[in-house]
There are 2 protein chains.
Amino acid sequence: MQMSQAQNRYKADLRELQFLVFEQFGLRDLLSKEPFAAWGEDEVRMVLDETYKFATEVLGPLNGVGDREKCKLIDGKVKTPTGFPEAWKKLYEAGWRQLSGSEEFGGQGAPRTLQVLVEEMFSGANVAFMMYPGLSLGAAELIDHCGTDEQRKLFASRMYGGKWGGTMCLTEPHAGSDVGAARTTAKALPDGTYKIQGTKIFISGGDHDCADNIVHLVLARIDGAEAGTKGLSLFIVPKYRVDASGNLGQPNDVKVASIEHKMGINGSATCVMQFGEEDSCVGVLVGGVPHQGMKQMFQMMNYARIGVGIQGLAIAGAAYLSALEYAKDRKQGSSITAWKDPTAPRVAIIDHPDVRRMLLGMKAKVEGIRALIVKLSMHQDRATALGGKNDEQAAYHQGQVELLTPIVKAYASDQAFRVCEDAIQVYGGAGYCQDYPVEQYLRDSKIFSIYEGTNHIQALDLVGRKLGQAGGKHTQEFFADIGKFVSAKQEDAVLGASVKNLAKAQEAVGSAAFQFLGWFKGGEMAKVPLNANRFLEMMSELAVGWLLLEGAAIASDAQSKLTKDQKDWFFYEGKKQAAIFYAQNVLPEVVAKAKMLGNGDKSALEIPDEAFATV
Amino acid sequence: MQMSQAQNRYKADLRELQFLVFEQFGLRDLLSKEPFAAWGEDEVRMVLDETYKFATEVLGPLNGVGDREKCKLIDGKVKTPTGFPEAWKKLYEAGWRQLSGSEEFGGQGAPRTLQVLVEEMFSGANVAFMMYPGLSLGAAELIDHCGTDEQRKLFASRMYGGKWGGTMCLTEPHAGSDVGAARTTAKALPDGTYKIQGTKIFISGGDHDCADNIVHLVLARIDGAEAGTKGLSLFIVPKYRVDASGNLGQPNDVKVASIEHKMGINGSATCVMQFGEEDSCVGVLVGGVPHQGMKQMFQMMNYARIGVGIQGLAIAGAAYLSALEYAKDRKQGSSITAWKDPTAPRVAIIDHPDVRRMLLGMKAKVEGIRALIVKLSMHQDRATALGGKNDEQAAYHQGQVELLTPIVKAYASDQAFRVCEDAIQVYGGAGYCQDYPVEQYLRDSKIFSIYEGTNHIQALDLVGRKLGQAGGKHTQEFFADIGKFVSAKQEDAVLGASVKNLAKAQEAVGSAAFQFLGWFKGGEMAKVPLNANRFLEMMSELAVGWLLLEGAAIASDAQSKLTKDQKDWFFYEGKKQAAIFYAQNVLPEVVAKAKMLGNGDKSALEIPDEAFATV
């Protein structure tokens, strides 16, 4: 099978992005005033256009290259695939990494919502490459927020600008989901620095050839600190030691022991790192405070989790548009209306009902997840825009960010994989071949449900922390927002039946939430993790169904002012049909899931370990 | 991450295989009498033991090798991975390819059920390798059944024995699911042979270095034949021409233009084949009859489809046992009963409820699908055992084979992918790395839903042909079998609640079947393909739920005679819990799906093509 250049090109639907920010989520409310005074509608549109160009012209062409060439470990140093160091340089030179960064370090102070959409396009074009600047930005933000002023100026400034890279070093061979079991040690030295010793695994970008230095953020236990997560501290451990002016000195003893051979994201180096195994490895405490490692890391982790949600969205979106293009192009079989006539003309496969079903299902998931992620980032931006005023409103927005974060991470990552599965199915045999991009999308996307906290960790965060946070206030406000929409639109001529499915789904989620309360109180603790993933899925489907229908209602109004010869008429029609599809084909499952959850099946708890198999 | 040798070893649970054939499906009824007179219980057990040994010792170690080395096209010839030609030789020398073959050509006349279990183990150990002998056997059986006596003796005999290989050449660049659009031509030559010209794609084992000759079965249109599938004929086109004694002569002009670079099954060469592009390529009509190509091919295709179902089962089973082993071995976190104590001892991850949930879900799917496949093969064997007597019984068994074939192919292949997804999730980050086998299982398994008729083709076969076949008799008999079980067991103390879920699922499937009848009759034809996949899934879940519960009822009886210090007590407990899990966590979805199907949502039909995206 041969692929045309066009078919492997990353595509985004800018019209859809504009709809979300300007028509559905009201970004204009925040533009051209503090703290986003420099950002008007024109600037936002311009950045979307330009970053899309960057995504397709610079990052996209390296996506297949990175997958085929992979990273290599040569003499202890990681060599990234051809073109990666140059792309890194271009990315920072163009300023696209500093869109929403603070102006103190050269950032442009854009709304986070804009950055989210840019991240989607960049990751959609080349998710493996974007791991390097992605983790680097996260590490820079952590130092910016938690570091001493000296650390901020020395490290964060250079990391924001791409001169230095950064990593997060949490996981150890025996401490993955169980971070608190980490064994890496830190010994205080007389000069206030610490001697770091230990092994970290699955370190993305643990080494690379894109930046002059790499700043590792390493979680370690200071000698004598207590067990578990509470005894962990966070250290800045640069690959090359630096003086106060940022000049590079001697290397620390930071070794890449090996790199993983993975199923996907092959352009991203996943390293086993050894700190201070033979020689001296020196680090400084982030912010100069001990035993705050988990708290500091968590701040960054929330962004990282939203970041993984964006990765899921990005790959799902790319896979959808790729499959759509193929379905419009590929001719096979005749129309269902002429199925008995072998001489009937061949049609594009988008004509076949089953292909339409897959495509519309993909579209609904992609656009619903995108709406959810933009909703979340708008909560962040609105909280920022309040600038410390109106505490109640700020708490509302911040509460929604807390509640939606695990949902975004887990649902987007799980569904990205499903969307890729459908994309391959639309392609048929061609989709299984490396000539087309969808099989790489699927391989790349499988990691999203695992890293930055597995999706079960997200589900536990949701049911164990977020659901009851602030006395359940965040959850109640989330339900109230949906309730308002249901009241307003349940009698809508076009969408009413679908909105009623939303109301049923909400009722089901509400009753399931009370189940959890009962299990917590009634001592049936094991049922909480047993049902947590299912509950997260239900909450996600409720949220996505709501935002799709909200968008559809706006689209329906806008469409009524247009005629069928206008391109936007079709755009709005697509928004409506995707929402209806989701409401009719996904939301009813929420009700079924609530019933199953309520049945209280305990078979998975009751089966003895020896009964799983005789081998 | 490092893998111990043991963790990458293929494993099968022989106790489970024995349970199915001897305790649940009554293979003993057929043993030690005609036509299986040579096969007693001891022989069956011995073959299972020996083939398991062959799978783990010969085939399993080459699975990773094949994936890494892949096939190479050198000077127009395919070089298979290291060890493949030797494994081919050992496989045929040991006689394992001729278990159920006809005795005329050296076959051992075993029940097909035994062969199915052997195929599962061989494909589970190395599915890519097994493509070569698998397609070869299919091609041999086709010639055996449809060929002239001369063709049978010349070709089939050598293909059964592994001296020559075989392929099926159907797909063309513009004729995949739409086989009838094939453009390969056949021109009659004066000596009764045909000149073949055309290009075929996705030809598994189109060339390899395991056998002396390769016999291609090529679908082509004789000049002047009608359009569509009815005008196609099937030709025997050997790589090297042969004389009547089987001596190899001049090569035919059969070229491998290229091999595909795929997501998985990399040890299997997927070829683009050119027949008669430059020079002469001569073939003979299978059976000497023209225009019967599709009919002849279909006979083989049914076996091939069941074969893909077995591949799905095989990979799912291997992935399950691999994840189970890891879950018992890998320590992470503390028990849920001590979740607030950081000093609590670390436990194996199988202790965590979410891991148990995934494992039991995998076990239920694997064992349910295995039961379904064995059920199908037992129908085949019982029909064979009737030997032409008792037409009504034979028609019943044959009808069930027809009905279950698309279900086995589609459900096993779709769920294999899901089981692999869960297996990776159980492994966590390690599962994403090539040190462990599960990421390869996932990549290998993705093709199963596509080849040998996509799963949508299977769904159309089910709703368009099988459901109403013989006036709906096969479907009614299938329902009657389930109904009998429900009546007998719905008040069972342990399983009763689950059996009631089965009854509800059956009712739901029944009402959905009537929906289809309405759409066919009411002229709403497009709703048939739109809902076909969902219906196939419902029927599959019903069938699997039934057979799991049937097995559980048998296990429950057997268990009541044992005490907890006996290994089998745990084996039977596992059968029960898996059935309960499926009945409580999957069967209720059948009811939800029926409701959705009944809603008649048409969004995917109504959305205009231009509304899917603006790009």
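Could you tell me the center-to-center distance, by alpha carbons, between region B:442-461 and region A:399-426 in angstrom? About 24 Å separates the Cα centre of region B:442-461 from the one of region A:399-426. Summarising the label geometry, the points placed 7 Å from Cα in the beta-carbon direction at B:L189 and B:E103 lie 3.9 nm from one another. Label zone (A:M46, point 7 Å along Cα-to-C-beta; backbone nitrogen cut-off 18 Å) within region A:83-110: A:93-101, A:107-110. Rounded to the nearest 0.05, the FRET efficiency derived from the C-beta distance between B:D329 and B:Q18 at R0 = 30 Å is 0.70.
For A:P251, the distances from its label point to the matching points in the remaining copies are 5.1 nm, ordered from shortest, with each point set 7 Å beyond Cα toward Cβ. Take A:S32, push a point 7 Å out from Cα through the beta-carbon direction, and compare it with the same point in every other copy: 9.3 nm, smallest first.
Dipole magnitude for region A:476-536: computed about the Cα centre from +1 point charges on Lys and Arg Cβ and -1 point charges on Asp and Glu Cβ, it is near 180 debye. Cross-linked pairs A:K255/A:K295; A:K365/A:K504; A:K163/A:K409; A:K527/B:K595; A:K527/B:K340: Cα-Cα separations exceed 23 Å for A:K255/A:K295; A:K163/A:K409; A:K527/B:K595. From helices alone, the protein assembly as shown scores -17000 deg cm²/dmol at 222 nm; the rule is -39500 (n - 2.57) for each run of n ≥ 4 DSSP H residues, then divide by the residue total.
Near the amide H of B:Y240, within less than 5 Å, lie the amide hydrogens of B:I214, B:N252, all on another chain or at least 5 residues away, with H placed in the peptide plane. Take chain A and mark each of the trypsin sites (Lys or Arg not before Pro) that is in a DSSP loop with at most 15 other Cβ atoms within 10 Å; the longest unmarked stretch, sites excluded, is A:390-560.
Run the Debye formula on the Cα coordinates of region B:14-146, all scatterers equal and no solvent, and tell me log10 I(q)/I(0) at q = 0.12, 0.19 1/Å. Taking Cα atoms of region B:14-146 as identical point scatterers yields -0.52, -1.13.
Each 10 Å bin from 0 upward holds the following percent of the Cα-Cα pairs of region B:40-92: 22, 39, 24, 11, 4.
Based on alpha carbons, the Rg and Dmax found for the protein assembly as shown are 30.6, 99 Å.
With Cα atoms defining each centre, region B:157-223 and region A:270-290 are spaced 62 Å apart in the structure.
Straightening the chain between A:D492 and A:D75 buys 143.5 nm, computed as 0.36 nm per residue apart minus the Cα-Cα spacing. Taking the label point 7 Å along Cα→Cβ, B:M525 and its counterparts in the other copies are spaced 6.2 nm apart, in ascending order. In percent, rounded to a whole number, the relative contact order of region A:162-292 is 29, using alpha-carbon pairs under 8 Å and six or more apart.
If you take the alpha carbon atoms of region A:456-602 and fit the smallest convex hull around them, that volume is 107 Å³ per residue. Based on Cα atoms of region B:175-298, Rg over Rh with Rh as the Kirkwood radius reads 0.96. Axis angle, to the nearest 10 degrees, between helix A:112-146 and the longest C-alpha principal axis of chain A: 40 degrees. With an a/c value of 1.5 or above and a/b larger than b/c for the gyration tensor axes a ≥ b ≥ c computed over the alpha-carbon atoms, region B:451-537 is described as prolate.
Averaging Cα coordinates gives a centre for region B:301-315 and one for region B:34-94; these two points are 17 Å apart. The rotation axis that maps chain B onto chain A passes nearest to the beta carbon of this chain B residue, listed with its distance in whole angstrom: B:A592, 2.
Which of rounded, prolate, oblate describes region A:388-447, given a ≥ b ≥ c as roots of the alpha-carbon gyration tensor eigenvalues and a/c under 1.5 marking rounded, otherwise prolate only if a/b is larger than b/c? In terms of gyration-tensor shape, prolate.
Averaging the sequence gap over all C-alpha pairs within less than 8 Å and six or more residues apart, then dividing by the number of residues, gives chain B a relative contact order of 13 percent.
Both radii were evaluated on the Cα set of chain A; the Rg over Rh quotient, with Rh as the Kirkwood radius, amounts to 0.97.
The numbers here are math on the coordinates, done by the rules we state, and not lab data. The shown structure was predicted, so the numbers you read here are calculated from the model rather than taken from an experiment. Don't worry about glycine lacking a Cβ; one is built from the backbone with ideal geometry, like all the others, and counts go over all protein chains shown.
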